[in-house]
Amino acid sequence: MWQQARNVRLLAMDIDGVLTDGRIWLDLQGNELKTFHVHDGQGIAMAHRAGLRTAWISGRASAAVRRRATELGVTWVYENVKAKVPAIRDIMQQSQEPASAVAYIGDDLIDVPVFHTVGLSIAVASAPPDVRAQAAWVTRSAGGAGAVREVIDLILRLQGRWDAVVQELFGTDW
Ligand SMILES: [Mg+2]
């Protein structure tokens, strides 16, 4: 798993239950509200600074997701995806990255086929046990509570790039 993390150049992830805690708030007009963790947003900014590209793949669609993705400059955003393997294959083709350079973070059964398609499969701590059992790595943090940041911190540290990225972004010695 450590070697796979060193190879990652494209970090793909599910949205609900990974970037959020999985709860979907619906108002009376049917609008969806979601909460994103700022630590994950900072992690995605760090990943981009390190030259990694990112992809969000969701079975749902919401304006909140599109707004957050735009804020963070997420490279690929796929919504309304009913089968995620064709989506990840499409992204791999566009990015010209082999499966061995792709990591994917998921939290539910729909994500498991993707786990078997990419080089590094990651489940969040809050994923059901059957999903966690299919992943090469399980985060300590729950979805929506910094799990994506945890993954990015570890990948950048294993790639030896964490210090340089933080130095570039925050201009201080670590
Ligand atoms: Mg999910």
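The values are calculated or read from the model by the stated rules, or taken from the named source; none is laboratory data. Source: prediction; values computed, not measured. Because the Cβ atoms are built from the backbone with ideal geometry, glycine has one as well, and the counts that use them run over all protein chains shown. Protein only, heavy atoms only, side chains kept; ligands, DNA and RNA dropped before computing areas. Shrake-Rupley method; radii C 1.70, N 1.55, O 1.52, S 1.80 Å.
At-a-glance table
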{"quantity": "The chain, accessible surface, carbon-and-sulfur percent (1.4 angstrom probe)", "calculated": "51"}
{"quantity": "Listed residues Arg53, Arg60 arranged by accessible area, highest first, probe 1.4 Å", "calculated": "Arg60, Arg53"}
{"quantity": "Area accessible to solvent at Phe36, 1.4 Å probe radius, in Å²", "calculated": "50"}
{"quantity": "Fraction of alpha-carbon pairs over 19 Å apart in the chain - percent", "calculated": "53"}
{"quantity": "Length released on extending from Arg66 to Val38, taking residue separation times 0.36 nm less the Cα-Cα span", "calculated": "8.5 nm"}
{"quantity": "Helix-derived mean residue ellipticity, 222 nm - over the chain, DSSP H n ≥ 4, -39500 (n - 2.57), to 500", "calculated": "-11000 deg cm²/dmol"}
{"quantity": "Under the Karplus curve 6.51 cos²θ - 1.76 cosθ + 1.60, θ = phi - 60°, whole-Hz ³J(HN,Hα) for the range 39-50, x wherever Gly or Pro sits", "calculated": "5, 5, x, 4, x, 5, 4, 5, 4, 5, 4, 7"}
{"quantity": "Solvent exposure of the chain as accessible area per residue, Å², 1.4 Å probe", "calculated": "48"}
{"quantity": "FRET E, pair Gln3, Glu79, Förster distance 41 Å, beta-carbon r, rounded to 0.05", "calculated": "0.80"}
{"quantity": "Label-reachable residues, the range 144-170, where backbone N falls under 11 Å from a point 7 Å from Ala45's Cα toward its Cβ", "calculated": "169-170"}
